[in-house]
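Read-outs: derived from the displayed coordinates by stated rules, not from any lab. In this text the structure is predicted, and so the values were computed from the model without any measurement. For neighbour counting, all protein chains shown are included, and Cβ atoms are generated from backbone atoms with ideal geometry for every residue, glycine included.
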Ligand code: NDP
């Protein structure tokens with residue numbers, strides 16, 4: 001036999017085994033440089049995922065990726081910019097292979113009464129929290145359809161379900177995510193892509209650092225703010241639950257129980 005025939009023979013023998021190998025678990029974590037996204041990344045690494053840590057500030061994303069160990073990627077991307085998002089997916093696929101898991105934890109808040117909220121702050125919250133998630137989901141779904149499966153978890157908020165004075169715009173951006181996530185879940189279920197959402201209450205991160213925790217914990221049934229890793233556990237549960245889609249998992253210390 002010629003060299004080429006031997007190679008063909010060898011390839012043929014290996015092919016069924018390669019096809020049986022489980023697909024590598026590659027997850028894009030938008031907003032993975034800090035807070036809840038970083039905690040998600042830390043748990044995913046323990047479970048053998050290869051990760052892309054994505055945020056606007058590359059230095060912070062790189063530091064987080066370095067702490068996770070070798071083989072993970074840090075990228076700078078503003079989720080509001082479609083071209084940025086597309087470039088990011090191309091870069092991830094070049095370096096890590098197809099993306100079959102996506103976590104959307106990039107988010108901002110500009111709290112204030114509506115009458116005092118500037119239009120630019122309304123736009124930035126809706127753009128980052130809602131449009132940004134739509135753009136990353138669009139890019140991910142395109143890739144997941146080719147791979148015949150995948151899982152997405154979007155981070156919403158209890159405020160998007162119940163409302164909160166001083167957070168009407170933020171709440172609207174998160175409520176929008178509910179309709180988006182559930183509709184997308186229906187749209188892509190037949191393609192074996194699952195879309196779920198976690199709705200946290202108050203979690204100890206940079207986003208809540210300005211809040212007076214002692215006063216606020218009086219209103220939380222469990223009597224404390226949540227920790228990022230406690231939200232991350234819920235994210236991992238949804239990423240890895242093969243028969244759960246279109247679900248909203250509330251992780252709020254019991255806030256939802258209140259009137
Ligand atoms: P942090 O402020 O700690 O982290 C936010 C992350 O998002 C950072 O990695 C930040 O990096 C990234 N980010 C922000 N804007 C953009 C953007 N335009 N493009 C790309 N990345 C961006 O927030 P949390 O960890 O607290 O919040 C994570 C998610 O959880 C958010 O969606 C938030 O709304 C939600 N949430 C948080 C709660 C809390 O109590 N902390 C409660 C309920 C929901 P960089 O600035 O470098 O871009």
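Would you list 241, 181, 33, 76 from fewest to most Cβ contacts within 10 Å? Provide the component values of the computation, followed by the final result.
Numbers: 241 14, 181 23, 33 26, 76 17.
Ascending Cβ contact count within 10 Å gives the list 241, 76, 181, 33.
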Query - Label point 7 Å beyond Cα of residue 66 along Cβ direction - residues of the stretch 76-105 with amide nitrogen under 18 Å - result: 76
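With an 8 Å Cα cut-off and a minimum separation of 6 or more residues, compute the relative contact order for the stretch 56-209 in percent. Walk me through the numbers before you get to the answer.
Numbers: 219 pairs, mean separation 34.3, N = 154.
So the answer I get is 22 percent.
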**Report entry** C-alpha long axis of helix 82-96 to longest principal axis of the chain, angle in °
**Finding:** 40 degrees
Query raised in the report: Where does helix 168-188 land angle-wise versus the long Cα axis of the chain, in degrees 0 to 90, nearest 10?
Result: 30 degrees
Query raised in the report: What ranking do 116, 34 get, fewest neighbouring Cβ atoms within 10 angstrom at the top?
Result: 116, 34
Query - In degrees, nearest ten, helix 3-20 long axis to first principal axis of the chain (Cα) - result: 30 degrees
Query raised in the report: Sorted from fewest to most neighbouring beta carbons within 10 Å, what does the list 162, 138, 174, 218 look like?
Result: 218, 138, 162, 174
Query raised in the report: On alpha-carbon atoms, Rg over Rh for the stretch 23-257 using Kirkwood Rh?
Result: 0.95
